[in-house]
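Worksheet for the structure shown next.
The values are calculated or read from the model by the stated rules, or taken from the named source; none is laboratory data. Since the model is a prediction, treat every value here as computed from it, not as a measurement. With ideal geometry, Cβ positions are generated from the backbone for all residues, glycine too; neighbour counts draw on all protein chains shown. With ligands, DNA and RNA removed, areas are computed over all heavy atoms of the protein, side chains included. Shrake-Rupley method; radii C 1.70, N 1.55, O 1.52, S 1.80 Å.
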Amino acid sequence: SSTSRGLGDVYKRQALGVVLNESLKLRGVTDEAQLNKALKAPLRAPVLIAVLLKFKDHPKVERNEQIGSAAAATYAMSLAANALGFGSMWRTGLYATDPHVISALGGGDKDEVIGFLYLGKREGPLKLMPALDPEDYITHF
C-alpha cells in the first residue's frame, strides 16, 4: 500500500525542509549552500505531496508491483493537477531512499518515497522539451 502525505501547510513543508537538511548533515554535507537549498526545497510550491510506499509482504503482490501502483497513483495525481490547470513536478533524488526522511514521513525499514509531487500555479512559459525519436527507445523482436 502507499500513503500520500499532503504537505500544503507551510509549517509542515518547513518541517520537511529541516528533515532534508538533517539528512544531508547525516551524510556529512557541510556546504552551507546545499544545506540552505535543502531547507527551502519543500517551499518551491504551495502544495507538496510525499508519496510513501508502505511495503507489505504479500504472496501475490510483489514489491515491484506495489512500487508500480504507488507510482501510477502519483502520476494520476500529476495528470489530474495538470488537467485542472495547475503545474506539477515529480521529484525523487537521494531523499527518496534516505532512512531519516522515510522515518520522518512515517515509514519503516522496508518503505521508500516514490516521489515528492510539487503542485502549484504555473508561472512563466512552459519549458519546451526536445523531440525524441521513439525508435531510440524501442526494441523490436
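Some notes on this structure:
- Taken one residue at a time, the phi angles of segment 130-141 give Karplus couplings (6.51, -1.76, 1.60, θ = phi - 60°) of x, 5, 10, 8, x, 4, 6, 10, 10, 10, 9, 9 Hz. Gly and Pro are set to x.
- Taken one residue at a time, the phi angles of segment 52-58 give Karplus couplings (6.51, -1.76, 1.60, θ = phi - 60°) of 10, 6, 9, 4, 10, 4, 8 Hz. Gly and Pro are set to x.
- Based on Cα contacts under 8 Å between residues 6+ apart, the chain shows a relative contact order of 29 percent.
- Near residue 54, the amide H atoms lying under 5 Å from its own belong to 2, 3; only residues 5 or more places off or on other chains count, and H is placed 1.01 Å from N.
- Integer Hz, Karplus 6.51/-1.76/1.60 couplings in order for segment 80-97, x for Gly and Pro: 5, 4, 5, 5, 8, x, 8, x, 9, 9, 9, 10, 10, x, 5, 6, 5, 10
- If a spin label sat at a point 7 angstrom from the Cα of residue 47 along the line to its beta carbon, the backbone N atoms of segment 78-109 nearer than 20 Å would be those of 78-92.
- For segment 105-129 and segment 33-103, distance of Cα centres in Å: 5
- Residues whose amide H comes within less than 5 Å of that of residue 86, counting only those at least five positions distant or on another chain, are absent (H built at 1.01 Å from N in the peptide plane).
- Of the listed residues 86, 141, 116, the order by accessible area with a 1.4 Å probe, largest first, is 141, 86, 116.
- CD proxy at 222 nm, helix term only [per DSSP H run n ≥ 4: -39500 (n - 2.57); per residue of the chain; nearest 500]: -12000 deg cm²/dmol
- Inter-label distance, nm, simple model (7 Å from Cα along the C-beta direction), residue 35/residue 122: 3.9
- Within the accessible area of the chain (1.4 Å probe), percent carbon and sulfur: 58
- Exposure rank, largest accessible area first [129, 89, 77; 1.4 Å]: 129, 89, 77
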